[in-house]
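These notes concern the structure reproduced below.
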Amino acid sequence: MTREVQIRLAVFSWLQEQSVLYDDVLPWAVLQNNFTFEGQKIALVGQQGIWKPKAFKSIPLSIRTSSKGHYDDGLTADGLLRYKYRGTDPNHFENAGLRQAWMERVPLVYFYGLLPGKYLAAWPVFVIGEDRRNLAFTIAVDDVEHAQPGLLLGEDGQECRRRYVTASFRVRLHQKTFRARVLQAYGHQCAFCQLRHAELLDAAHITPDRDPQGEPVVSNGLSLCKIHHAAYDRHFIGVTPEYRIIVREDLLREHDGPMLRHGIQGIHRSKLALPKKQIEQPDRDRLALRFEQFLKAI
């Protein structure tokens, strides 16, 4: 096993640990500074989207998508990932490195920018095709047990497995992006009670994501602690289009412990803590429809 292969496999193992530690949202500084191999610090990302550390000869270690520009990356018609060339020259050394990764079946890491300086990682990912007309490579995510470089193409079930794993990654990406952006907009606090522990916060949909109108945009979200998220989803609590919190009448008459008294009854008719940017504040039309549902349920 070559040194590069050892480093790649060590990176995959390290990313598993860091993803648990950071709840999948990996900071830039950690990716640049915290990985070491045999006492040598190796950056996993750099200013270039296609990143090859100095310790590597020609094949990159990772590819990265910015949370701002996205370089027109996206999905292919059949649901795989598309990664744009560096520039327009197919033979630019970074593009050539990805092409070599394809030819030699070398696994990479894909860092997707959720927010500036915050990334969701997928590994192993493989380059499985190239679209020179559209200046892009086709990328598929695979299971970690298939991370060994040089695996033969055409193994039984490989194509179906990779499509399934890639689809699962896209779902996770959708969820993590929505949560990260909603929590940031609300200053990482619950909009109902101002609890500030991110580990206990969710991004709640106003219009559910299963609804055709349930877009994963910040104005369709509320940052809520887990108790208030559950209460909102089950119509124990509603929110008016004027951003007032309304508690169900029967709960106001109920007698129970301090959680009900302070955490539920005590927020009745209080006002939401709102994002500072108006464009990120809850959409009033969505709130109106959701509040109608709340009124029908009580």
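A viscosity of 0.890 mPa s and a temperature of 25 °C, combined with the Kirkwood radius over C-alpha pairs in the Stokes-Einstein formula, give the stretch 3-182 a diffusion coefficient of 150 µm²/s.
A simple count of charges around H229, restricted to other residues whose Cβ falls under 12 Å of its Cβ and scoring Lys, Arg +1 and Asp, Glu -1, yields +1. Over the chain, dividing the summed -39,500 (n - 2.57) contributions of all DSSP H runs of at least 4 residues by the number of residues returns a 222 nm mean residue ellipticity of -10000 deg cm²/dmol. Between R99 and Q6, the modelled labels are 3.2 nm apart [label points 7 Å from Cα along Cα→Cβ]. Axis of helix 158-185 versus longest Cα principal axis of the chain: the two differ by about 50°, to the nearest ten degrees. Neighbour counts of other Cβ atoms within 10 Å put T76, T2, T65 in the fewest-to-most order T2, T76, T65. Mean separation of Cα pairs under 8 Å and 6 or more residues apart, divided by the residue count, gives the chain a relative contact order of 12 percent. Candidate cross-link partners of K226 among the lysines, defined by an alpha-carbon separation under 17 Å and a same-chain spacing of 8 or more, comprise K176. The D285 and H188 beta-carbon pair, evaluated with R₀ = 22 Å, returns a calculated FRET efficiency of approximately 0.25. The C-alpha atoms of the chain define a longest principal axis, and helix 3-21 lies at about 0 degrees to it. Annotation: the residues V165, V5, sorted from fewest to most other C-beta atoms within 10 Å of their own C-beta, follow the order V5, V165. What the Cβ-Cβ distance of H92 and D209 gives, at R0 = 41 Å and to the nearest 0.05, is a FRET efficiency of 0.60.
Here each label is just a point 7 Å from Cα along the line to Cβ, and for E38 and L252 those points are 7.0 nm apart.
In summary, the convex hull built on the alpha carbon positions of the stretch 1-82 has an orientation-averaged projected area of 6.9 nm².
Distance between the C-alpha centres of the stretch 227-257 and the stretch 20-71: 44 Å, rounded to the whole angstrom. What is the spin-label model distance, in nm, from R172 to R244 if the labels are put 7 Å beyond Cα along the C-beta direction? In this crude label model, R172 to R244 measures out at 4.4 nm.
Taking the number of Cβ atoms within 10 Å of each Cβ as an exposure proxy, the fewest-first ranking of F111, F291 is F291, F111.
FYI, it's all coordinate maths here, none of it is from the lab. Since we're looking at a predicted model, the values are computed, not measured. Cβ coordinates were reconstructed from backbone atoms using ideal geometry, including for glycine residues, and neighbour counts include every protein chain displayed.
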